[in-house]
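*Asks:* Submitted below is the structure of interest, expressed as structure tokens.
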Amino acid sequence: MSPPRLLPAMSARLPVPRFPFILLFVFLAVQAPASSHGDPAPPLTTYDASMCPESSMCGNVSIKYPFYLSSTIGDIADYSYNTTLYSCGYTDLMISCQYEGPKETPVIFLRGHHQYTVLNISYDSNTIILAESDVLAAGSCPAVHHDLSFDKLWLNNTSSNDNLTFYFGCYASSGPVEVPPDLGKYRIDCNLKGPFGDGASFVFTPDDHVKAQEHELDQDGHCSEVVSVPVRSEFLMASNRSMLVMGGYAEVLWYGFELEWYPTPTPTDQCHLCEQSKGKCAYGHNQKREFLGCLCSNSKVGHPDCRSRRSKKVQKGVIIGVSAAAGLGVLAAAAILFIMRKRKKNEPRIESFLQKNGKLHPKRHTYADVKRMTKSFAVKLGQGGFGAVYKGNLSNGSQVAVKMLKDTKGDGEEFINEVVSISRTSHVNIVTLLGFCLEGSKRALIYEYMPNGSLERYAFSTSMSSENSLSWEKLFDIAIGIARGLEYLHRGCNTRIVHFDIKPHNILLDQYFCPKISDFGLAKLCLNKESAISIGGARGTIGYIAPEVFSKQFGTVSTKSDVYSYGMMVLEMVGARDKKVNADSESSSQYFPQWIYEHLDDYCISASEINGEITELVRKMIVVGLWCIQVIPTGRPTMTRVVEMLEGSTSNLELPPKVLLS
């Protein structure tokens with residue numbers, strides 16, 4: 001490094017030092033301030049601003065810094081004037097936009113060159129949700145071929161994930177596969193796709209993985225392959241064991257897993273200094289992963305940041321002097337504003353709703369009213385996803401069901417959705433909302449009382465007693481009633497409503513077993529002219545969620561998403577009733593929709609006990625259900641068409657293409 005220019009000027013004014021150490025002292029004293037700012041910055045070079053866009057879209061995912069598209073990799077002159085490939089973003093966060101016809105799909109290659117589809121990126125929480133591309137493409141009952149491997153320097157696992165562990169090709173031998181009885185409920189019973197031999201395959205959650213260890217499945221020779229993959233805990237918890245082994249694990253995998261990235265390793269890191277100056281970090285696109293410079297808004301490359309050297313000196317003093325006082329003030333103000341907004345955010349939306357709807361809205365009650373009508377929540381009817389339901393009585397003696405919503409951490413979207421959605425409806429197959437309560441964090445919905453509870457109690461009870469069993473005629477009437485209610489929501493009411501959580505638990509039965517659709521907490525309101533619906537994230541219950549809700553690869557979200565849920569529920573109504581009559585049926589160990597397609601005629605005759613009229617009812621329910629669960633939304637009928645098929649003759653019903661079921 002050449003001597004600073006100040007030294008010759010000083011030596012001209014000072015006498016020549018007698019002792020060498022004095023000269024050395026002066027040199028070091030003058031050199032220290034210059035070194036405190038690092039090496040002198042080399043001449044700034046420029047870069048092509050198009051290589052570092054503010055935002056790019058691939059499919060429905062917005063790609064922003066620190067991620068970057070593979071098409072934006074460019075070359076930059078480094079500080080030795082050598083040309084080097086670079087990326088405007090963190091190493092290994094490159095996303096490729098793949099095209100299949102007009103459709104774009106964002107994918108990322110984690111270490112090991114395994115391809116994952118990007119489902120969502122949150123730049124507020126620094127998280128990305130990925131799903132294995134091969135699993136998404138395989139459809140139902142896919143095989144998982146490899147463990148997840150990622151670079152912890154940039155992407156890290158989060159507490160939102162759990163692991164699913166798969167054991168493939170176990171207990172394989174020349175003779176029949178013999179599985180220990182206590183492992184039976186963990187065995188995958190769908191048509192598994194993958195070359196794993198003739199053995200049995202199992203799937204274990206973290207809670208029951210000890211069972212695999214007891215049988216030493218992870219020991220050499222027991223299974224041909226063992227794979228452990230992360231999944232999102234909320235969706236794993238929503239899936240029960242029986243659905244998991246019958247192919248339901250695929251839906252858990254389709255929801256993907258969550259990873260997070262950290263902006264920069266330490267405050268002294270060069271990239272951190274760059275980002276603090278509103279620049280974007282450029283990294284070499286090679287194995288070294290070196291920081292090449294700071295990409296500034298004026299197409300200049302700074303080192304290590306975008307500030308001029310003069311501004312750095314000024315800002316250093318200002319930051320030290322102001323940051324402490326200002327930081328405390330900002331934090332205090334932000335905390336106060338957050339608390340105030342959290343408390344008041346929902347009331348204006350509800351008040352606005354009440355004013356717009358005048359006398360049409362249900363009656364508003366105080367929390368004291370709710371406690372009085374439920375006798376301090378004495379009789380609990382059930383527990384739902386958003387809170388508990390209690391039995392109560394109005395002042396006129398009418399029985400009601402009061403749903404107390406849990407204290408939400410967010411903006412109370414589910415509560416507002418339910419009040420607004422049901423208030424716009426009036427149909428014999430839609431539950432009636434009689435009132436609601438909004439008082440601080442206390443929220444309640446007051447419904448008409450349904451003495452026969454939910455459909456789940458009858459169609460899906462494990463009890464063999466006659467009181468929990470419904471006849472085929474009654475099940476058929478219930479299926480038509482639910483279809484009419486959905487048809488009304490999709491096209492008959494003032495504003496089109498998509499329910500997003502059709503399942504037996506949300507179908508209530510009055511004293512005459514007339515079905516009523518309830519629980520609109522996840523519902524989405526939309527204009528009649530809209531065909532596709534935009535949702536913030538996947539919603540619904542595992543086993544009933546349409547494929548397009550959690551992956552855009554299957555199509556757009558619309559009213560057809562409710563059609564899928566309805567079809568799955570109808571097929572479960574048929575399968576569950578038959579299992580009560582014949583628990584040892586061949587279908588009990590297979591994925592029912594797949595099995596029923598191949599045994600339709602025999603099943604209908606057996607289930608109806610050679611009764612021609614019942615045979616026709618059962619056949620209608622099965623064929624309609626199979627049409628409704630087509631993987632591609634355009635292959636499903638509308639709810640209007642569903643009602644027509646159920647009310648028409650079976651001679652006009654054709655089976656859907658089988659290929660769409662796999």
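*Asks:* Karplus couplings for region 424-436 from phi (6.51 cos²θ - 1.76 cosθ + 1.60, θ = phi - 60°), rounded to Hz, Gly and Pro as x?
*Replies:* 8, 10, 7, 7, 5, 9, 10, 4, 8, 8, 8, x, 8
*Asks:* Something else about it: Once phi is turned into θ = phi - 60°, what whole-Hz ³J(HN,Hα) does the Karplus curve with 6.51, -1.76 and 1.60 give for every residue of region 59-70, x standing for Gly and Pro?
*Replies:* x, 9, 10, 8, 9, 10, 4, x, 7, 8, 7, 4
*Asks:* When Lys and Arg each count +1 and Asp and Glu each count -1, what net charge do the other residues less than 11 Å away from Cys628, Cβ to Cβ, add up to? Write out the running numbers ahead of the final one.
*Replies:* Details: positive: Lys560, Arg636, Arg641; negative: Asp562.
Counting the neighbours of Cys628, the net charge comes to +2.
*Asks:* Right, another one. Please list, ordered by chain and number, the residues whose modelled amide H lies under 5 Å from the amide H of Asn120; skip anything fewer than 5 residues away on the same chain.
*Replies:* Long-range HN contacts for Asn120: Ile129.
*Asks:* Taking amide H positions as placed 1.01 Å from N in the peptide plane, with prolines and chain starts having none, which residues 5 or more places from Ala172, or on another chain, fall under 5 Å of its amide H?
*Replies:* Ala200
*Asks:* Can you put Leu525, Leu617 in order, fewest other beta carbons within 10 Å first? Mind showing how you got there, number by number?
*Replies:* Working: Leu525 16, Leu617 23.
With the sparsest Cβ surroundings first, the list reads Leu525, Leu617.
*Asks:* Please tell me which of these pairs span more than 32 angstrom C-alpha to C-alpha: Lys524/Lys620; Lys380/Lys503; Lys278/Lys524; Lys103/Lys406; Lys371/Lys516; Lys442/Lys516?
*Replies:* On the way: Lys524/Lys620 30 Å; Lys380/Lys503 21 Å; Lys278/Lys524 38 Å; Lys103/Lys406 40 Å; Lys371/Lys516 26 Å; Lys442/Lys516 26 Å.
Flagged as over cut-off: Lys278/Lys524; Lys103/Lys406.
*Asks:* Here is a follow-up. Among 85-93, 365-373, how do they line up from the highest to the lowest mean number of other beta-carbon atoms within 10 Å? Let's see the in-between values first.
*Replies:* On the way: 85-93: 21.9, 365-373: 16.8.
The densest-packed peptide leads the list: 85-93, 365-373.
*Asks:* Full-extension gain between Glu100 and Ala137, please, as 0.36 nm times their residue separation minus the C-alpha to C-alpha distance. Intermediate values should be presented prior to the final figure.
*Replies:* Values: separation 37, 0.36 × 37 = 13.32 nm, distance 1.24 nm.
Stretched fully, the Glu100-Ala137 segment lengthens by 12.1 nm.
*Asks:* How far apart, in nm, are two points set 7 Å out from the Cα along the Cα-to-Cβ line at Val179 and at Ser376?
*Replies:* For the pair Val179/Ser376, the computed spacing is 5.1 nm.
*Asks:* Now for a different question. May I ask you to evaluate 6.51 cos²θ - 1.76 cosθ + 1.60, the Karplus curve with θ = phi - 60°, for each residue of region 94-110 and list the ³J(HN,Hα) values in order in whole Hz, giving x for glycine and proline?
*Replies:* Per-residue couplings from phi come out as 7, 10, 9, 9, 9, 10, 10, x, x, 8, 9, 10, x, 10, 9, 9, 7 Hz.
*Asks:* Please list the non-local residues whose amide H lies under 5 Å from the amide H of Leu433, H modeled 1.01 Å from N, same-chain partners needing a gap of 5 or more.
*Replies:* Residues meeting the amide H criterion: none.
Here, each number is a calculation from the coordinates, and none is a lab measurement. All of these numbers come straight from a predicted model, not from anything done at the bench. Here Cβ is always computed from backbone atoms with ideal geometry, including for glycine, and neighbour counts include all displayed protein chains.
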